[in-house]
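Each remark here refers to the structure printed beneath this line.
Where a number appears in this text, it was derived from the coordinates with a stated rule and is not lab data. Source: prediction; values computed, not measured. Note that we place each Cβ from the backbone using ideal geometry, even for glycine, and neighbour counts take in every protein chain shown.
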Amino acid sequence: MRPTISRRTLLLSSLLIAACATGAARPGPVDTETRAMIYGHIDGPKAVQAVELAKMMSPRRPKAFVNERGDFVFHDVEPGDYGLLRFGADGQWYYLLTGDKENNKRFIVKATAGGVHYAGSWRVTGEKDNRFTPDEFSIERVESPSRQTVLERLRPVLVGTGWERKVGGAKGKSGG
């Protein structure tokens, strides 16, 4: 008798394989004199799995390494002005940048060559009936975890990138 595999099992297997193949790779070596690093934290009702930047006037969308706590780092960024575009949680994208200029100012980071820039710690909450959906959520800047705490938790990921020398005991530059 031949074993049968359901369509659902095949679909789930395919999704798991795709998720593993596209997962955040460990950052590699970077020219820390000409490139920049941007890091921060997003905490919400669902685990944050991805964070993307939008470079002003560019179609490129750098993706971050994100750990299980919601700490993120873009370790190889070309200097320029960036906005935290969106974050992914539970298979959905949540946009931070909108058509509202005042809202968007909160998420802008100016990256300079050789700079370590903190994008902030953010807490995401639901709106109506505590719903958390791409169309119904709030986000606010919070003090905890601190920039130093986030940097300490990201330190193991930075080994071998060149940034570990720059962030050794430094607090990092504020990025917004």
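Numbers for the structure displayed
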{"item": "Positive minus negative residues near V51 (Lys, Arg vs Asp, Glu; Cβ under 13 Å)", "result": "+1"}
{"item": "Residue-wise HN-Hα coupling along region 100-107, computed from phi with Karplus coefficients 6.51, -1.76, 1.60 (Hz; x: Gly, Pro)", "result": "8, 4, 5, 4, 5, 4, 5, 9"}
{"item": "For peptides 103-116, 73-86, 137-150, sequence by mean Cβ density within 10 Å, most packed first", "result": "73-86, 103-116, 137-150"}
{"item": "In order through region 32-47: 3J(HN,Hα) via Karplus (6.51 cos²θ - 1.76 cosθ + 1.60), integer Hz, x for Gly, Pro", "result": "6, 8, 10, 10, 10, 10, 10, 9, x, 8, 10, 10, x, x, 10, 4"}
{"item": "E136/A47 FRET efficiency (R0 22 Å; Cβ-Cβ; nearest 0.05)", "result": "0.75"}
{"item": "Set of lysines near K166 by C-alpha distance (under 25 Å), chain-local residues within fewer than 8 positions excluded", "result": "K55, K63, K110"}
{"item": "Using θ = phi - 60° and Karplus 6.51 cos²θ - 1.76 cosθ + 1.60, couplings along region 149-155 (whole Hz; Gly, Pro as x)", "result": "4, 4, 4, 4, 6, 8, 3"}
{"item": "Estimated distance in nm for a label pair at R69 and V159, the labels positioned 7 Å out from Cα along Cα-to-Cβ", "result": "1.6"}
{"item": "Amide H contacts of Q49 (H built 1.01 Å from N, under 5 Å, at least 5 apart or other chain)", "result": "G88, A89, D90"}
